[in-house]
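The values are calculated or read from the model by the stated rules, or taken from the named source; none is laboratory data. Fair warning: this is a prediction, and the values are worked out from it, not measured in the lab. Positions of Cβ are generated from backbone atoms using ideal geometry, with glycine treated the same way; all protein chains shown enter the neighbour counts. For accessibility, only protein heavy atoms count, side chains too; no ligands or nucleic acids. Shrake-Rupley method; radii C 1.70, N 1.55, O 1.52, S 1.80 Å.
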Amino acid sequence: SVLRIDSSEATSYRVHLPDSYAREPHRRYPVVYVLDGSSQDVHTSASAELMARLGAMPETVVIGIPNTGSEGRNRDYTPPGMRQDADDAHSPAGLADRFLDFLQHELIPQVEREYRANGERVLAGNSRGGLFVIHSFIARPALFHAWIANSPALWRDDAAMVRRLDAFLRDHRDLRTTLFLSLGGAENAKMAGAYRQAEHRLLQDGRAV
């Protein structure tokens, strides 16, 4: 399927249906939206299928959202107020909120029209996609029910997103949701350092487990 972000671009999405989807026509499913879908959706779907078989999670529909090349990825996954290219002082700011509008007003409604979604949504991303996940969590905390940020690029702009996350949590003490962060074992010191800052602040918040 293809959806248009603006007058010059179109974004396709990839659909992975659970084993029972065809057998149980009245059943509805949670939906996991996976950023960098062209490289991340297949193994995510396989892992979700295995975990469902083990009873560790419900069966889900997995939607892979391929990025539109490195330039489009940098633009769409970089939060506003941050340069798309951290090494270029003249680089334009990210347009993550525009991409969030696309998810909220185009992609999610189409998926929920065409597939038997139950209204529960998860957003997953890695690296810069993980940065986008954290920004989305802060900017629109009601849009998804759970958030997965794998090795998020929190180091950008001197760990500005860590400070934004800390301020958001302080201002939303009553928020109850699921935010999962992970860090790859081979990440560089810059990536790991910012992640540890976020981990420390989440533990200080008192709601992390």
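Of everything listed in (1) aliphatic (A, V, I, L, M); (2) within 18 Å of W147 (Cα to Cα); (3) under 18 Å from the mean Cα position of the chain (by Cα); (4) open to solvent by 10 Å² or more (accessible area, probe 1.4 Å), the single unmet condition for V15 is (2). Answer yes or no as to whether S151 is at positive phi and modelled with pLDDT of 95 or more. Yes. Checked against the criterion of being in contact with a strand residue (DSSP E or B) (Cβ under 6 Å, 6 or more places away or on another chain) and either farther than 30 Å from P25 by Cα or not basic (K, R) (or both), the candidates A117, A89, A93 yield just one match: A117. Only one of the listed residues (E59, E71, E24) is in a helix (DSSP H, G or I) and among the charged types (D, E, K, R). That residue is E71. Of the helices (runs of 4 or more DSSP H) lying entirely inside the range 98-173, the ones with 3 or more residues being open to solvent by 20 Å² or more (accessible area, probe 1.4 Å), in contact (Cβ under 8 Å) with a residue 24 or more places away in the chain and closer than 20 Å to R14 by Cβ are found at 108-114.
The rows are residues; the columns are (1) at pLDDT below 95; (2) surrounded by 13 or more Cβ atoms within 10 Å (Cβ to Cβ); (3) out of contact with any His (no Cβ under 9 Å at 6 or more places or on another chain); (4) of a type in the set (D, E, K, R).
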| position | (1), (2), (3), (4) |
| --- | --- |
| I5 | yes, yes, yes, no |
| L50 | no, no, yes, no |
| S70 | yes, no, yes, no |
| N74 | yes, yes, yes, no |
| H90 | yes, no, yes, no |
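Checked against (1) closer than 23 Å to A142 by Cα; (2) at pLDDT 95 or above, H26 meets all criteria but (1). Within the range 174-204, the set of residues being within 20 Å of the chain's Cα centre (by Cα) and either without any contact (Cβ under 8 Å) to a residue 12 or more places away in the chain or open to solvent by 90 Å² or more (accessible area, probe 1.4 Å) (or both) comprises R176, F180, A192, R196. Scanning the range 79-87 turns up at least one residue that is modelled with pLDDT under 95 and among the polar types (S, T, N, Q).
How about the range 36-47: which of its residues are in contact (Cβ under 8 Å) with a residue 24 or more places away in the chain and either over 15 Å from Y13 (Cα atoms) or of a type outside the set (V, I, T) (or both)?
First, pick out the residues of the range 36-47 that are in contact (Cβ under 8 Å) with a residue 24 or more places away in the chain: 36-38, 40-42, 44-45.
D36, G37, S38, Q40, D41, S45 - these are the residues of the range 36-47 that are in contact (Cβ under 8 Å) with a residue 24 or more places away in the chain and either over 15 Å from Y13 (Cα atoms) or of a type outside the set (V, I, T) (or both).
The set of residues in the range 74-92 being more than 19 Å from the chain's Cα centre (by Cα) and not in a loop (DSSP other than H, G, I, E, B) consists of R83 alone.
Scan the range 63-81 and report the pairs whose first residue is closer than 19 Å to I134 by Cα and acidic (D, E) and whose second residue is open to solvent by 30 Å² or more (accessible area, probe 1.4 Å) and at pLDDT 90 or above, with Cβ atoms within less than 8 Å and a gap of 6+ or a chain change. The qualifying pairs are D76/L95; D76/R98.
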